[in-house]
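The values are calculated or read from the model by the stated rules, or taken from the named source; none is laboratory data. None of these values were measured; they are calculated from a predicted model. Backbone-built Cβ (ideal geometry, glycine too); neighbour counts: all protein chains shown. For the accessible areas, the whole protein counts, side chains as well, though only heavy atoms, and no ligand, DNA or RNA atoms are used. Shrake-Rupley method; radii C 1.70, N 1.55, O 1.52, S 1.80 Å.
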Amino acid sequence: MKKYKIVLLSGDGIGPEISEVSKKVLKKLSKAHNFDIEIIEKLFGGVAYEKYGNPAPDETLIQCKNSDAVLLACVGDVKYDSLARELRPESGLLKLRSALNLFANIRPVKIRKSLIDSSTLKKNIIENVDLIVVRELIGGIYFGNPRGQIYNIKTPKAFNTMVYDSSEIERITEIAIKIANQRRQKICSVDKSNVLEVSQLWRDTVSNVMSKEKRISLSNMYVDNAAMQLVRDPAQFDVILTSNLFGDILSDLAAMLTGSIGMLPSASLNNNGPGVFEPVHGSAPDIAGKNIANPIAMLLSASMMLKIGLSEHNAAESLENAVDKVLSKGFRTADLDDGHSKVLSCSEIGCKIIDEI
Ligand code: IPM
Ligand code: MN
């Protein structure tokens, strides 16, 4: 029997609730599909800061490095906003991504038929949406130097640096090519090369790498236009290839096409070693502890983990199908309620999904 060791980081806010559901679902899948999964839970984010004064303790990072995959719920809380930047939960997340060299963030945006009326956009605009955001994750303005604040002057200043070298752009482009080849062979590279030098290098490097790819069609789009196109005609996109900051913004925008950000999974990968699989949404401290959160983005992240991280394709598919069955029966969490649905709690919808596996 195949045996996997995964690290579960349930983090902050709604994290523990959606993680509880994910654990039960993974146990059921492992029985149904005949593999063994050891789930090691570690502190990460605000909870790790509370206990160790560090949102990404070494012990947690080491366990993650030695695992087959990492499943992460979410981190953050407004109560940590006044901490020094390096102590905040978000910095822990950036440290984890960087420590595992997770340069490729994959965010698939797929409309689930039964949720077509939950989107704020019209049905005819979103019905054929099936796109993937490929976001560079450990470079760009998130990590660029110099960065800082100067407060001891009359008018305080702060600055960050958006920087890429061509090798960072090349490796993320190669990932986008791999993905596009398994899909509709279209890549739209998003930048701001009409203003930024770093974006000009992005555009030139992507074009260079792509020139050997005869099967794939490449287009380039400025990020402001891309934001507009994502709400005007999102079905035009297949693979969106972009930098760290632009990908962050566009993926939240794209998430809402599906009706709720509570539906969007992601995978953060490198070319070898464990990936981190996590929902795109945050920790929603306003609804934490109420058992009303939507666990589906985390379950779909678990499905990406099974497929990409563990090569358990059948288990991944059976989880996706179980989610679709439950939704098609009209069960929803509160965020997806359209007024006619059967609204369930986080744990209840988890049980329904487990019953369908
Ligand atoms: C995301 C999040 C993170 C990011 C934050 C929490 C640091 O918004 O994964 O999209 O900006 O990358
Ligand atoms: Mn984000």
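The combined condition, being part of a loop (DSSP other than H, G, I, E, B), more than 11 Å from ligand 1 (Cβ to nearest atom) and in contact with a Ser or Thr (Cβ under 8 Å, 6 or more places away or on another chain), is fulfilled by Asn145. Of the listed requirements (1) within 16 Å of ligand 2 (Cβ to nearest atom); (2) touching a His at 6+ places or on another chain (Cβ under 7 Å), Glu312 misses just one: (1). Residues in segment 168-182: is at least one open to solvent by 60 Å² or more (accessible area, probe 1.4 Å), part of a helix (DSSP H, G or I) and within 16 Å of ligand 2 (Cβ to nearest atom)? Looking through segment 168-182, none of the residues is open to solvent by 60 Å² or more (accessible area, probe 1.4 Å), part of a helix (DSSP H, G or I) and within 16 Å of ligand 2 (Cβ to nearest atom).
One line per residue, one yes/no per condition, for (1) within 16 Å of ligand 2 (Cβ to nearest atom); (2) in the same structural domain as Ile357 (by TED's automatic domain parsing); (3) touching a helix residue (DSSP H, G or I) at 6+ places or on another chain (Cβ under 9 Å):
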| residue | (1), (2), (3) |
| --- | --- |
| Gly13 | yes, yes, yes |
| Glu17 | no, yes, yes |
| Val25 | no, yes, yes |
| Lys51 | no, yes, no |
| Pro55 | no, yes, yes |
| Leu96 | yes, yes, yes |
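Applying the condition of being within 16 Å of ligand 1 (Cβ to nearest atom), within 18 Å of the chain's Cα centre (by Cα) and not in a loop (DSSP other than H, G, I, E, B) to segment 273-297 and asking which residue is surrounded by the fewest Cβ atoms within 10 Å (Cβ to Cβ) yields Ala297.
Answer yes or no as to whether Phe237 is within 16 Å of ligand 1 (Cβ to nearest atom), buried (at least 24 other Cβ atoms within 10 Å of the Cβ) and modelled with pLDDT of 95 or more. Explain how you work it out, then say what you get.
Numbers: within 16 Å of ligand 1 (Cβ to nearest atom): no; buried (at least 24 other Cβ atoms within 10 Å of the Cβ): yes; modelled with pLDDT of 95 or more: yes.
Against the criterion (within 16 Å of ligand 1 (Cβ to nearest atom), buried (at least 24 other Cβ atoms within 10 Å of the Cβ) and modelled with pLDDT of 95 or more), Phe237 does not qualify.
Among the residues of segment 298-334, those that are hydroxyl-bearing (Ser, Thr, Tyr) and open to solvent by 10 Å² or more (accessible area, probe 1.4 Å) comprise Ser311, Ser318, Ser328. Just for segment 308-357: of the residues that are of a type in the set (D, E, K, R) and either touching a strand residue (DSSP E or B) at 6+ places or on another chain (Cβ under 9 Å) or not in a helix (DSSP H, G or I) (or both), which one is nearest to Val70 (Cα to Cα)? So the residue we want is Glu312.
All of (1) modelled with pLDDT of 95 or more; (2) outside the structural domain of Glu170 (by TED's automatic domain parsing); (3) within 13 Å of ligand 2 (Cβ to nearest atom); (4) not acidic (Asp, Glu) hold for Ala267 with one exception: (3).
Looking at segment 244-259, is at least one residue assigned to a strand (DSSP E or B), touching a residue at least 24 places away in the same chain (Cβ under 8 Å) and within 16 Å of ligand 2 (Cβ to nearest atom)?
Scanning segment 244-259 turns up no residue that is assigned to a strand (DSSP E or B), touching a residue at least 24 places away in the same chain (Cβ under 8 Å) and within 16 Å of ligand 2 (Cβ to nearest atom).
Applying the criterion of being in contact with a Ser or Thr (Cβ under 7 Å, 6 or more places away or on another chain) and closer than 13 Å to Ile106 by Cα to the residues of segment 270-293, the residue that is farthest from ligand 2 (Cβ to nearest atom) is Gly275.
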